1. Quick one: if you stick a label point 7 Å off each Cα along the C-beta vector at residue 54 and residue 13, how many nm between them?
2. Using the alpha-carbon centroid of each, what span in Å lies between region 65-86 and region 1-28?
3. I'd like the orientation of helix 70-81 relative to the chain: the angle between its Cα long axis and the longest Cα principal axis, in ° from 0 to 90, rounded to 10.
4. Would you mind checking the tilt of helix 36-46 against the longest principal axis of the Cα atoms of the chain, expressed as 0 to 90 degrees and rounded to 10?
5. Amide H of residue 128: which non-local residues (sequence gap of 5 or more, or other chain) have their own amide H closer than 5 Å, using H built in the peptide plane?
6. Under 5 Å between amide hydrogens, which residues at least 5 positions from residue 167 or on another chain qualify, with H placed 1.01 Å from N in the peptide plane?
7. Have a look at 119, 135, 171 and report the one farthest towards the positive end of the charge dipole of region 71-215, computed about the Cα centre with Cβ charges (Lys/Arg +1, Asp/Glu -1).
8. Below 8 Å between Cα atoms, with a sequence gap of 6+, how large is the relative contact order for region 42-177 in percent?
Amino acid sequence: PQNYDGEFNGQMSIRTALGQSRNIPAIKAYFLAGGQDYIIDLAEKLGITSLDESHSYGYPLALGAGEVSLQEMVNAFAVFANEGKKPEIVSILKIENANGDVIEEYEPKDQKEVLDPQIAFFISDILSDESVKIGGYLSIDGHTLAAKAGTSTKENKKDATGSVAPGDGWVIGYSPSVVTGVWVGNTDGAPMNLSANGHDTAGPIFKSVMSKALA
């Protein structure tokens, strides 16, 4: 396996490795965590249910080999934003009739703590650290934003020149009150431009949405 840019930068802190999306440290972390069983178990607690325990992902799981939906990833990141507690996903908050009478209204329930609050804090602290962020689309002046960009490439997805091109670009990030996830790609699975990456494609959308939300 290689890092996204093909470069190896030697020893670095976990903070730098996560902020810079370095693949080799992520693979090492996979083994330090005990392998896929422990990782899938934690992912399920955070709200990710698409991973198949019977499938042998191996260390590529640390690099995104287990495909999940954008909503599940947003749910999981919401736990970081919510200091370790898992928010309930609700689509309809209130139903009123034509006279304005409330027919049904959502009542928030107690939220279950699924992650040590200290771990959630450290994740948020790393992902909001401006010194290790990969670019400006993950930041908004005057606000503390934790964010992570990602880019996927698949050997069987090549462009017209035969070069392996990115298939998906995404950014997921949050403030203490808002979580936003953005996916960019082609719905037919066709590869994007060779120079495309998550930060430069999904990043502008993420920054625009979060700027409006936080205003």
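The values are calculated or read from the model by the stated rules, or taken from the named source; none is laboratory data. Everything numeric here is computed off the predicted structure, so don't read it as measured data. Cβ coordinates were reconstructed from backbone atoms using ideal geometry, including for glycine residues, and neighbour counts include every protein chain displayed. To get the accessible areas, we keep the full protein, side chains included, count just its heavy atoms, and leave off ligands, DNA and RNA. Shrake-Rupley method; radii C 1.70, N 1.55, O 1.52, S 1.80 Å.
1. 4.4 nm
2. Centre-to-centre (Cα) distance: 22 Å.
3. 80 degrees
4. Tilt relative to the chain: about 30 degrees.
5. Those qualifying (amide H under 5 Å, at least 5 residues apart or on another chain) are 147.
6. Excluding prolines and chain starts, which carry no amide H, the hits are 152, 153, 154, 192.
7. 135
8. The value is 19 percent.
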